[in-house]
Amino acid sequence: MDADRRIVAVEEVPEESTLLVTLRPVDADAVDDGEGDVGESDDGRPEAEAILTRAAGKVTAFRNYCQHWTDVRLDKDDGAFVRNGEVFCQKHGATFEADSGYCNFGPCEGAVLETVDVSVDGDAVYLADDAYEFVRLGSAKRDSDAGDSRIDFTGN
Ligand code: FES
């Protein structure tokens, strides 16, 4: 595996939360500014976020925006809420199956989170999706969090 595509050790991927990472789309036009997880690096190139979680030992990754309101990030820098193999959106309570991204409850029921391909080799998780380059652990750079400014149930 290419060391540049190593994201993190498997054991650092949480089972009851998500790990936020920043990616760079290879095709800058492939990302939509309306998606709340899109930012911009210092050199003006777009960045996008992915969330990693681990369910039944399997690591999966999805882009970090809800399928209901796409400007809403699921993980707002402190980990999305994950229980019983489901990722919760704190805005209106949609739940997504952590292994498939399928929304099984909520206003976007039937929709599916955008998958980012990852693979496990040995004790580490690697980015396997050719559409992205790995940039860093943590959030993308954005001028403002305007898309996250609407208050949700938790007051965040
Ligand atoms: S924005 Fe996620 S459920 Fe409404």
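All of the numbers you see were taken from the coordinates with simple rules; none came from a lab. Being a predicted model, the structure only gives us computed values, none of them experimental. Note that each Cβ is placed from the backbone with ideal geometry, even for glycine, and that neighbours are counted across all protein chains shown.
Modelled label positions at Val112 and Leu137, each set 7 Å beyond Cα in the direction of Cβ, lie 3.0 nm from each other. In a Gaussian network model over the chain where Cα atoms closer than 10 Å are linked, find which of Asp32, Asp43, Asp117 has the largest mean-square fluctuation. For the chain, modelled as a Gaussian network with Cα springs under 10 Å, the answer is Asp43. Backbone amide hydrogens, once placed in the peptide plane, bring Glu47 within less than 5 Å of Gly39, Glu40, Ser41, excluding anything fewer than 5 places away on its chain. Of the candidates Phe134, Phe105, Phe62, which one comes out as most mobile in a Gaussian network treatment of the chain with C-alpha springs shorter than 10 Å? Judging by the Gaussian network model, the answer is Phe105.
Just to be sure I understand: with springs between alpha-carbon atoms less than 10 Å apart, which residue in Ser139, Ser119, Ser17 has the highest mean-square fluctuation in the Gaussian network model of the chain? Result for the chain, Cα springs under 10 Å: Ser119 fluctuates most.
Taking the Cα centre of the chain as origin, sum charge times position over the Cβ atoms of Lys and Arg (+1) and Asp and Glu (-1), and report the length of that vector in debye to the nearest 20. Present the calculation step by step, with values, prior to reporting the outcome.
Numbers: 15 positive and 36 negative charges, 87 e Å.
Value, rounded to 20: 420 debye.
Applying the Karplus relation 6.51 cos²θ - 1.76 cosθ + 1.60 with θ = phi - 60° to region 66-75 yields 3J(HN,Hα) values of 6, 8, 8, 10, 6, 7, 9, 7, 6, 10 Hz, where x marks Gly and Pro. All Cα-Cα distances of region 31-72, cut into 10 Å bins from zero to the largest, leave 28, 42, 25, 5 percent in each bin in turn. Placing dummy labels 7 Å off each Cα toward the beta-carbon, the span from Arg83 to Glu12 is 2.8 nm.
Working note: Karplus 6.51/-1.76/1.60 with θ = phi - 60° gives region 113-123 the couplings 4, 6, 7, 10, 6, 10, 9, 10, 10, x, 9 Hz, where Gly and Pro are set to x.
Dipole magnitude for region 24-97: about 580 debye, using +1 per Lys or Arg Cβ and -1 per Asp or Glu Cβ, origin at the Cα centre.
Counting alpha carbon pairs within less than 8 Å and at least 6 residues apart, what relative contact order, in whole percent, applies to region 59-99? Can you show the working numbers first?
Numbers: 42 pairs, mean separation 11.8, N = 41.
Once normalised by length, the contact order is 29 percent.
Karplus-based coupling profile of region 45-62, in residue order and whole Hz: 7, x, 10, 9, 9, 10, 10, 10, 9, 10, 10, 6, x, 9, 8, 10, 9, 9, with θ = phi - 60° in 6.51 cos²θ - 1.76 cosθ + 1.60 and x standing for Gly or Pro. Using C-alpha pairs under 8 Å with a sequence gap of at least 6, the mean separation divided by the residue count of region 3-140 gives a relative contact order of 33 percent.
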